[in-house]
Amino acid sequence: MPQQLPTLAVIGTGGTIAGCALRPDDALNYQAAVLPVQALLAALEPPPGFAIEAQQLAQIDSKDVSEAHWRALLQAVQQQLERPWVQGVLVTHGTDTLEESAFLLQTVLRPAKPVLLVGAMRPSTALLSDGAQNLSDALLLAATPGTRGVLVPCAGRIFAGHEVRKLHPHRLDAFGAGDAGALAALAGGRLQRWRPWPGEGGPQHGSLAPALLPRLLADAPWPRVEWINSHGAQTGALVRALLLQHAQADGSEAPLRGLLVAGTGNATVHAALAQALHQAQQAGVVVWRCSRTGTCVPPGPDAAQPLLDWAYGLRSPAQGAERAGWQDEGPESAAGELPATALPAPQARLALQLHLLVQAHRFAPRQT
Ligand code: SIN
């Protein structure tokens, strides 16, 4: 029987990397998600000794990503990771919500193999297109021994999937990771590394996947979490409208479970909005704050920390969820304070959804 070559599995989901414009000098007006993933790979050689397998999972502009897409993505990546001969997984992805998918994959799966999310800022037809270079960097990284975790290569720098964020709408180096910075850089096929890969050198146990993946993949909708901003002249009207809809519960929308508020500065919230948010808490909606600047120093314990500690193997669920603040909404909310997280809003919204799923899981009545 022929031996199975180490394989890099490439999952296509669309985005600008698969986009086409009418003119090669037009890098701004184009249609995303046109070319099949096989076409993106056609000009690239597999790394020596590796086979490439491609699969078209979706063909979307990533602004339109839905829970169903994320469900399919989690499942497809997990299935590839479970195949022993698959050395690494690449996902071609639009850049607009890439940071959400990257955070979700790292936080839920905590992969010990490399999972590269690859986008481009210019369509494949552009004179100076960046997709092929990012894809080539991703293939090289996936084939490099020791590489692990969800990673995002962009314009020669490599970011951790749970830290990455899109910072610019059209520059080629559109991604960053806030104060954490890049993990590594690739130039001319040479890797320079400054920080460990996600999960490298850390605890080998612990992952949300065994507890949460079956629930995330089930048909039931994930807990509904809306994201709003604090800003000048806020009135809280949007929150009151949501609460009214929540109270009416006519089945036209999923019940509201969580609210993520991107506050000003260090996650501060306009007084009028704060009043409405306290009403939301009283109605049983879990409210978290983050900062619309992209990060903050939470005044109390970081609201997302118990989830992240579990997700990244720093705490097992058996190590006392009570101490981690999972018993209820924690002392902060009891005192009327709104818990805050340092995560940027796109990741914080997902973290709140996962947190709510964990809570539902822990406190769901036992099936007899
Ligand atoms: C998208 O996110 O699908 C379109 C924009 C991009 O990929 O840069």
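Quick note: the coordinates plus some simple rules give every number you see, no bench work behind them. Remember, predicted model here, so these are calculated numbers, not experimental data. A quick note on method: Cβ atoms are made from the backbone with ideal geometry, for glycine too, and the neighbour counts reach across all protein chains shown.
Odds and ends about this structure:
- Region 82-240 shape via C-alpha gyration tensor axes, a/c threshold 1.5: oblate
- DSSP loop chymotrypsin sites (Phe, Trp or Tyr not before Pro) with at most 14 other Cβ within 10 Å: longest gap in the chain: 195-368
- Global form of region 215-282, assessed from the alpha-carbon gyration tensor, a/c cut-off 1.5: oblate
- With contacts taken as Cα pairs under 8 Å and at least 6 residues apart, the chain reaches a relative contact order of 14 percent.
- Exposure proxy ranking for CYS20, CYS154, CYS296, based on other Cβ atoms within 10 angstrom of each Cβ and starting from the fewest, stands as CYS20, CYS296, CYS154.
- Farthest toward the positive end of the dipole of the chain, out of TRP194, HIS168, ALA132, is the Cα of TRP194, where the dipole comes from beta carbon charges about the Cα centre.
- √(5λ) per eigenvalue of the Cα gyration tensor, region 7-193, largest first, Å: 22, 18, 17
- Note on ILE52, ILE158: ascending count of other Cβ atoms within 10 Å places them as ILE52, ILE158, the fewest first.
- ³J(HN,Hα) computed for each position of region 18-33 - Karplus, 6.51 cos²θ - 1.76 cosθ + 1.60, integer Hz, glycine/proline x: 9, x, 9, 10, 6, 10, x, 8, 9, 9, 10, 9, 7, 9, 6, 6
- Highest-fluctuation residue, ALA348, ALA185, ALA138 considered, GNM on the chain with Cα pairs under 10 Å: ALA185
- Loop-located trypsin sites (Lys or Arg not before Pro) in region 246-296 (DSSP state other than H, G, I, E, B) with a sparse environment of at most 15 neighbouring Cβ atoms within 10 Å are absent.
- In this structure, the amide hydrogen of ILE60, modeled 1.01 Å from its nitrogen in the peptide plane, lies closer than 5 angstrom to those of GLY14, GLY15, counting only residues at least 5 positions away or on a different chain.
- Here the sum of -39500 (n - 2.57) over DSSP H runs of 4 or more residues, divided by the residues of the chain, equals -9000 deg cm²/dmol at 222 nm, to the nearest 500.
- Mean Kyte hydropathy of 0.0 or more with a Cα span along the axis of at least 20 Å, helices from DSSP in the chain: 345-363
- Per-residue Cβ neighbour rank within 10 angstrom, fewest leading, LEU216, LEU140: LEU140, LEU216
- If the Kirkwood radius is taken over C-alpha pairs of the chain, then at 25 °C and 0.890 mPa s the Stokes-Einstein diffusion coefficient equals 114 µm²/s.
- Listed values for region 178-189 are Karplus-derived 3J(HN,Hα) couplings in whole Hz (6.51 cos²θ - 1.76 cosθ + 1.60, θ = phi - 60°), namely x, 5, 5, x, 6, 7, 6, 9, 10, 9, x, x, and x replaces Gly and Pro.
- Among ALA311, ALA39, ALA340, the largest mean-square fluctuation in a Gaussian network model of the chain, built with springs joining Cα atoms closer than 10 Å, belongs to ALA39.
- Here region 151-267 is described by how far its Cα atoms reach on the three principal axes: 59, 41, 25 Å, from widest to narrowest.
- Computed over the chain with a Gaussian network model linking Cα atoms closer than 10 Å, the most mobile of GLN282, GLN87, GLN78 is GLN282.
- For LEU90, distant residues with modelled amide H under 5 Å away: ALA9, VAL10, ILE11, LEU116
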